[in-house]
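Heads up, the thing below is written out as structure tokens.
The values are calculated or read from the model by the stated rules, or taken from the named source; none is laboratory data. Nothing here was measured: the structure is a model prediction, and the numbers come from that model. When we count neighbours, we look across all protein chains shown, and the Cβ atoms used for this are built from the backbone with ideal geometry, even at glycine. Surface accessibility is based on the protein's heavy atoms, side chains included, excluding ligands, DNA and RNA. Shrake-Rupley method; radii C 1.70, N 1.55, O 1.52, S 1.80 Å.
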Amino acid sequence: MKTAKTSSVPTSAADFLPPRETLPRLQAAARECRGCELYERATQTVFGEGPAKASLMLVGEVPGDQEDRLGHPFVGPAGRLLDDALATAKIARQEVYLTNAVKHFDWEPRGKRRLHARPKTRHVNACRPWLEAEIRVVKPRVIICLGALAAQALLGRDFRITRDRGELIASSWAWRIMATWHPSAVLRAPEVRDRERMQQELTDDLRKAARMTKDRQ
Ligand code: URA
Ligand code: SF4
């Protein structure tokens with residue numbers, strides 16, 4: 001008699017969430033996550049960091065090469081550009097909760113180099129329970145999505161960064177949510193003029209969102 005083959009392979013981070021959610025517990029549990037195949041080739045889980053009571057949360061895309069090695073979000077070239085934008089907008093990085101839509105680095109080999117691979121929708125979906133848990137614990141007043149991937153993770157697949165960037169949107173995730181340029185998109189802009197404009201827009205969006213965290217309504 002044939003028996004149906006049962007598979008216990010996890011398909012999402014949901015199987016790894018701790019029963020009680022605090023940032024340290026979530027971070028510890030995420031270290032063991034096997035919710036998709038990305039953990040296999042990455043060095044470590046890069047979880048979000050920042051105060052548990054941050055009023056502003058920034059959501060990036062996925063850790064890069066340096067983040068993967070060091071275990072912290074936004075510590076590579078994109079992180080340096082973000083630091084500049086935060087400084088110009090007069091936002092203290094240590095007061096912001098900084099995380100990514102996907103918590104493991106994805107890469108393809110190119111000779112000796114590890115070439116960044118853009119995460120697939122299935123990785124974003126598999127990893128979303130961690131982001132949702134971070135939002136439940138931190139309860140930020142305003143969330144800023146850096147780039148289309150983070151925006152689509154929280155605002156749906158129809159979101160278009162070129163069309164909807166900088167809009168403050170009422171949402172069930174937070175009082176207001178906004179999407180702006182990803183710092184890597186700024187770095188990749190081929191023309192200096194575009195790069196400068198995008199960096200200015202990123203800075204202005206950060207400033208505008210930070211102001212909204214203080215708005216009383
Ligand atoms: N890009 C991201 O989206 N997140 C990081 O942490 C680093 C680079
Ligand atoms: Fe888990 Fe996310 Fe890593 Fe996939 S990318 S193994 S869902 S933490």
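Each peptide in 54-62, 90-98 was scored by the mean count of other Cβ atoms within 10 Å over its residues; highest first, the order is 54-62, 90-98.
Converting phi to 3J(HN,Hα) with the Karplus coefficients 6.51, -1.76 and 1.60 and the offset θ = phi - 60°, segment 34-44 yields 10, x, 8, 7, 5, 5, 5, 9, 8, 6, 6 Hz in sequence order, with x at every glycine or proline.
Would you kindly state how much longer the chain becomes between E191 and R122 on full extension, computed as 0.36 nm times their sequence separation minus their alpha carbon distance, in nm to one decimal?
Using 0.36 nm per residue and subtracting the Cα-Cα distance, I get 21.6 nm.
Short-range pairs are left out: with C-alpha atoms under 8 Å and at least six residues apart, the relative contact order of the chain is 22 percent.
Return an integer: the convex hull volume of the alpha-carbon atoms of the chain, in Å³ per residue. Kindly include the intermediate steps, with their values, before the conclusion.
Values: hull volume 32.8 nm³, N = 217.
Once divided by residue count, the hull of the chain is 151 Å³.
A Cβ-based charge dipole, computed about the Cα centre of the chain with Lys and Arg at +1 and Asp and Glu at -1, lands at about 240 debye. Accessible surface of segment 91-205, 1.4 Å probe: 48 percent of it comes from carbon and sulfur atoms.
Pairs with C-alpha atoms separated by more than 26 Å, drawn from the list K53/K120; K120/K208; K90/K120; K103/K139; K103/K214, are K53/K120; K120/K208; K90/K120; K103/K214. A Gaussian network model of the chain, with springs between Cα atoms under 10 Å, assigns the largest mean-square fluctuation among P51, P183, P73 to P51. Surface analysis of segment 76-189 yields an accessible area of 46 Å² per residue, using protein heavy atoms and a 1.4 Å probe.
Distance distribution P(r), segment 138-191, all Cα-Cα pairs, bin width 10 angstrom from 0: 26, 52, 18, 3 percent. The string of couplings for segment 206-213 from the Karplus curve (6.51, -1.76, 1.60, θ = phi - 60°) is 4, 5, 4, 5, 5, 4, 5, 5 Hz, one whole number per residue in order, with x for Gly and Pro. Considering only M178, G166, V138, and ranking their Cα positions along the charge dipole of the chain that arises from unit charges at the beta-carbon of Lys, Arg, Asp and Glu, the one farthest toward the positive end is V138.
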